[in-house]
Amino acid sequence: MLILEIMRVAMGAIRTNVLRSVLTTLGIVIGVAAVITMVALGEGAQRRVQSQIQRMGTNTLTIRPGQRMFGGIHSGDNPMSVEDAEALRDGSHGLLTVAPEISARLQVTYLRWNSNNQILGTWPEYFDIYDLHLQTGRFFNPGEVQGRRRVAVLGYNVPGDLGDTPPALLVGQTIQIRGVPFEVIGVLEEKGEAAWIRPDDEIFIPISTAQFRVFGGRRRINSIYAATATPEQLDEAYGVIDKIMRRQHRIRPGEDADYNIRNSADLLSTFNETTQTFTLLLAGIAGVSLLVGGIGIMNIMLVSVTERTREIGVRKALGATRRNIMFQFLIESLFLCVLGGLLGVAAGFGAADMMTRFASWNTVVAPAAVTMALAFSAGVGLFFGIWPAQRAAKLDPIEALRYE
């Protein structure tokens, strides 16, 4: 019953100065809300990239040209060609599914509509590597690649760029890419954004057609994509790719390669590390608000001890012990911080929801962040409440009763 009486007195003291109590907890509210919001932003970004890379495939490797350096200055990229992709396809003995890629943004016209789209020249294997499916029509085949046929497969959003023409009606029609006529043979199903590839907004044509009919005989390619049947084969694929590419580019063992091999799992790991670093940094900055709020609470509690000196003297004269007085002021400090923490959690949820609704940012409020913020706010209340509580407990009852 004594503990309940002490808590009742503490709550009564807080209710007596409601406005001051609210203003005192404001720093805690802002700090907790900022921590939860920042962590929610970081968690949301991390999960979005994870989802994109999983859609792209975790068994995919990307080979890109390395940079040429002259006197410490970047002087361009080392060349890669379709012959490199052919060597990888033929030399991997079925381990790799390979597709070279050459791309650029070009003007596309259909009847009276114009659009600017990413044109991607590749092999039919590209559609298998990234698990792209048709909603209507067909893919181009190896024979059309060899014959440099002017055929095109459109991404899901492209018909909307060309007058909102229904995909089924667009198949068989002729569009012009940089003034060159192409027959539309298929339209893809919606894929969504997947890391650095955006198939919904792209137009796919045979790579030979792209090189010699659209890009003016350009032989260099942007990259080569290679996929294994399972993620477990990636380590073996690394070795095979490196061996074949060194042979193609006449690079001796021990010399630096003039190409880069990346896999989506490495990109995911790197992004996660970066995101976690920035999340911790932002949460740390937001945590400063909690520290400031704690100092504010200590200041107000010290003022409260001074204001209630006579009350403390009366309580001690009636038999209250040092422990009772100290417990009362600790309860007040702890209650203010926990209340601020709960209000901050609500504000953090609200801020994260508003960012999702109005700014289209992905946010995920992690339970661990809520628990951490509440525990930290309670810790702040205890830590910054100890000194005022001790000061109140050590007051001499006779001197306290004389205080005016």
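The values are calculated or read from the model by the stated rules, or taken from the named source; none is laboratory data. Being a predicted model, the structure only gives us computed values, none of them experimental. Cβ atoms come from the backbone with ideal geometry, glycine included; neighbour counts cover every protein chain shown.
A few notes on this one:
- Y238 touching a strand residue (DSSP E or B) at 6+ places or on another chain (Cβ under 7 Å), assigned by TED's automatic domain parsing to the domain that holds R105 and over 23 Å from S103 (Cα atoms): yes
- Elements of type strands (runs of 3 or more DSSP E) in the range 136-222, at least 3 residues being assigned by TED's automatic domain parsing to the domain that holds I102, under 30 Å from the mean Cα position of the chain (by Cα) and closer than 23 Å to I63 by Cα: 202-206
- Pairs meeting the criteria (first residue in the range 318-334 and under 8 Å from A389 (Cβ atoms), second residue part of a helix (DSSP H, G or I) and among the acidic types (D, E), beta carbons under 6 Å, at least 6 apart or on different chains) are lacking.
- Meets criteria (surrounded by fewer than 23 Cβ atoms within 10 Å (Cβ to Cβ), at pLDDT 80 or above and out of contact with any strand residue (DSSP E or B) (no Cβ under 9 Å at 6 or more places or on another chain)) for G71: no
- Subset tally (residues that are buried (at least 19 other Cβ atoms within 10 Å of the Cβ) and touching a helix residue (DSSP H, G or I) at 6+ places or on another chain (Cβ under 7 Å)) for the range 177-190: 4
- Test for R308: is it at pLDDT below 85, basic (K, R), more than 30 Å from Q46 (Cβ to Cβ) and out of contact with any Asp or Glu (no Cβ under 8 Å at 6 or more places or on another chain): yes
- Among the residues of the range 342-382, just one is in contact with an Asp or Glu (Cβ under 6 Å, 6 or more places away or on another chain) and either β-branched (V, I, T) or at pLDDT 85 or above (or both), namely V364.
- Listed conditions (1) modelled with pLDDT under 90; (2) surrounded by fewer than 16 Cβ atoms within 10 Å (Cβ to Cβ) are all met by T174, apart from (1).
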